[in-house]
Amino acid sequence: MSVKRPNKFALLILLIALLFIAWLVRRSSPVLTVGIFAGSNWGVPQGEPYAIIDRAIAVFEEAHPGVRVTYVSGIQREDYAEWLAGAFLRGDAPDVFLLPTEDFTLYAEKGALMELSSLMEGDAAFSDELYDQAAFQNGQYAGHLYALPMENMITLMFVNKTLLAREGIAIPPLDWTWADFLALSRRLTKDTDGDGAPDQFGSYDYTWQQAATANGVRLFREDGKSSYFADPRMEEALHFIKELEGTYAGYTVTARDFDMGRVAFRPFTFAEYRTYKPYPWRVKKFGSFEWDCIPLPAGFSGGNISTMDSLLVGMSARTERRELAWAFMKILSSDPEIQAMVLEKAHALPARRDVIRSRAAQEIFLWDSGESAMTAGDVGDAMQTAVTPYRFERYGAAMLYADRAIAALIEEPPPFHNALNRLQKEINAILQQ
């Protein structure tokens, strides 16, 4: 008896029908849209720009069968703000989107972000204790929660180990102070080639803003309606900056001096530390000398304090998928695997404070850096003492005015008290416009 073979044409039709049904099912399944950009938020090279988001999507879709997550690829960091604003204007904003700190206040003020307190309070699996205080506060506006941190960033002090070793000087301890910084700058700034001009320097690019932070000064009220430039600790900070600049013997230290290995100390972000510490970027950027990082020096009335910036993740106020959006935000912000990838792939600090203290983080530090002045735990300690950046509408205008005024003020002989009182009044007038 012969066996009748299946009709090839019938099989083809069946296959096409099944594929079409699968396409219809997939097309009709819920879709969560995400707004992201390619590359680093911190101005450093990043080799796998979509590795973190792709893994987060895989984790989310596994936990939520039938839900798809989509994003537009190829948007560069410098074009992202315009792209996101355009999406909101067109009425097709993504459900979830990344938000650099400098753009957060605008979206919160305009009502573009979903307020998250009810979602957080109704979620027994989530707690703000996962984060350092400054990181969590970066997603708050006017006392309400509108975003979660995904990546964090602080500033550390770059140390030219080769220069210090040549001068017979040890790397300063992690709890070093302005007094240590000033003494070292005076000792290290010198004329090494005998031409009568200094060609080696203690520091470069340490700003009065960093000095104010290290001395415990908060320059502005939380709502940005008044300022505190007349704080006595601000006067201390300016005295210190004047003394520090006095060690340069009238020479203006430049980035080229630093790149040539002629400067001992320079503030650097953690992203620069993580990117340029290991091979091959170390050789490409700073191959002529060995270097390390330690915390910024403590002010006389403050501590080893840095400002913590964050890359935030928020939810559109117009989304129709609140629960799904919240679930995806939590994966980006608090999933241990995704947060470990932030440290490894994005060269940023994880939002979850326990990840930087994990064994995996310790191994990354050793693999990247070998012997290092700071451990992953030390970086975690620095994150705990960090403060939030200022974010209010007239901040840029106020700081532009203050920067010019203080640059001129430092050139004058002290005391600075009366001048700082005047400056505070002038800044307050700008803030109240």
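The values are calculated or read from the model by the stated rules, or taken from the named source; none is laboratory data. Keep in mind that what you see is a predicted model, and the values were worked out from it rather than measured. In this analysis, Cβ positions are derived from the backbone assuming ideal geometry, glycine residues included, and neighbour counts consider all displayed protein chains. All accessible areas refer to the heavy atoms of the entire protein, side chains included, with ligands and DNA or RNA removed. Shrake-Rupley method; radii C 1.70, N 1.55, O 1.52, S 1.80 Å.
Tell me the angle of helix 232-246 to the major Cα principal axis of the chain, expressed in degrees between 0 and 90 and rounded to the nearest ten.
That works out to roughly 70 degrees.
Provide the per residue accessible area, probe 1.4 Å, for segment 300-343, rounded to a whole number of square angstrom.
34
Can you tell me the 0 to 90 degree angle between the C-alpha axis of helix 51-63 and the longest principal axis of the chain, rounded to 10?
40
When the helices in the chain are scored as -39500 (n - 2.57) per DSSP H run of 4 or longer and the sum is shared across all residues, what 222 nm value do you end up with, to the nearest 500 deg cm²/dmol?
Helix-only estimate at 222 nm: -13500 deg cm²/dmol.
How big is the gap, in Å, between the Cα center of segment 103-132 and the Cα center of segment 141-215?
Measuring centre to centre over Cα atoms gives 35 Å.
Assuming a strict under-16 Å limit between Cα atoms, what lysine pair count do you get for the chain once near-sequence pairs (fewer than 8 apart, same chain) are dropped? Intermediate results must be reported in sequence, preceding the final value.
Working: LYS161/LYS277; LYS161/LYS285; LYS225/LYS425; LYS277/LYS285; LYS277/LYS345.
Total qualifying Lys-Lys pairs in the chain comes to 5.
Charges on Cβ only, +1 for Lys and Arg, -1 for Asp and Glu, centred on the Cα centroid of segment 206-361; of MET260, ALA211, ALA249, which one is farthest towards the dipole's positive end?
In segment 206-361, that residue is MET260.
Give me the 1.4 Å probe accessible area per residue for segment 166-295, excluding ligands and nucleic acids, in Å².
Numbers: 5690 Å² over 130 residues.
Per residue, segment 166-295 has an accessible area of 44 Å².
What list of whole percents do you get for P(r) of the chain, with Cα-Cα distances grouped in 10 Å bins up to the one holding the largest distance?
4, 19, 26, 23, 15, 6, 3, 2, 1, 0, 0, 0
Counting only protein heavy atoms and a 1.4 Å probe, tell me what percentage of the chain's accessible area is made up of carbon and sulfur.
The computed percentage sits at 53.
For GLY35, what residues show an amide H to amide H distance below 5 Å, using hydrogens built from the backbone and excluding near sequence neighbours?
When sequence neighbours closer than 5 places are left aside, the close amide H contacts are VAL96, PHE97, LEU98.
Would you mind checking the tilt of helix 77-90 against the longest principal axis of the Cα atoms of the chain, expressed as 0 to 90 degrees and rounded to 10?
It works out to around 50 degrees.
Could you run the Karplus curve 6.51 cos²θ - 1.76 cosθ + 1.60 with θ = phi - 60° over segment 374-385 and give me ³J(HN,Hα) per residue in whole Hz, x for Gly and Pro?
10, 8, 4, x, 5, 5, x, 4, 5, 5, 5, 8
Non-local amide H neighbours of GLU151 (under 5 Å, H modeled in plane, Pro and chain starts lacking H): which ones?
For GLU151, the qualifying residues are LEU311.
Whose amide H sits under 5 Å from the amide H of THR307, counting only residues 5 or more places off or on another chain, with H placed in the peptide plane?
THR155, VAL387
Would you kindly find the accessible area of SER29, with a 1.4 Å probe and non-protein molecules such as ligands, DNA and RNA excluded, rounding to the nearest 10 Å²?
20
Would you mind telling me the antiparallel percentage of the DSSP bridges in the chain, rounded to 5?
70
Once the cut-off is 20 Å, how many percent of the Cα-Cα pairs in segment 323-389 end up in the long-distance tail?
Details: 709 of 2211 pairs.
Here the long-distance tail beyond 20 Å is 32 percent of all Cα pairs in segment 323-389.
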